[in-house]
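**Q** One structure is given below, represented as structure tokens, and several questions about it will come after.
Bear in mind that the values in this text are calculations on the coordinates, not laboratory data. In this text the structure is predicted, and so the values were computed from the model without any measurement. Backbone-built Cβ (ideal geometry, glycine too); neighbour counts: all protein chains shown.
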Amino acid sequence: MQEPWRPTPGDMIQCWDTTSYDGPDSDKITEHGKVGYVVRLSKKTDTFISESGTLVTLNHIEEGGCSKCIFFTDTGHDIVHVNHAWLRKITNSNDIRKVEDA
């Protein structure tokens, strides 16, 4: 049996939230459809600022199951910790899905 793909630092990825309902009131993660890069595996000691402005730690994650990713935006970049189940490796431009192709 082939082992599942695991992101490694430097991999180009697309965030693809396949676990949420795909209807008009969809609750997909903000980065759904965005292309970025894997920085490294996430650690329980990592922190980030939530949308409400509070400091959050990742002590709830299982190390090895999430990656710290960077997504570039019009105003800079976003650093986001994403579960591996929501990452797709991009090896060429044909691998990039359009959000409406779900």
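**Q** Under the condition of being in contact with a Lys or Arg (Cβ under 6 Å, 6 or more places away or on another chain) and within 14 Å of L41 (Cα to Cα), which residue from region 64-102 is surrounded by the fewest Cβ atoms within 10 Å (Cβ to Cβ)? Give the steps one after another, and end with the answer.
**A** Taking region 64-102 and keeping what is in contact with a Lys or Arg (Cβ under 6 Å, 6 or more places away or on another chain), we get 68, 71, 81.
Filter again for within 14 Å of L41 (Cα to Cα), leaving 68, 81.
On the way: K68: 20, H81: 18.
It comes out as H81.
**Q** Of the residues G76, G65, only one is touching a helix residue (DSSP H, G or I) at 6+ places or on another chain (Cβ under 9 Å), without any contact (Cβ under 8 Å) to a residue 60 or more places away in the chain and closer than 21 Å to I13 by Cα; which?
**A** Just a single option satisfies the conditions, and that option is G65.
**Q** Do you know which residues across region 22-38 are in a strand (DSSP E or B) and either surrounded by fewer than 17 Cβ atoms within 10 Å (Cβ to Cβ) or of a type in the set (F, W, Y) (or both)? Give the steps one after another, and end with the answer.
**A** Quick first cut of region 22-38, residues in a strand (DSSP E or B) only: 35-38.
The answer is Y37, and nothing else.
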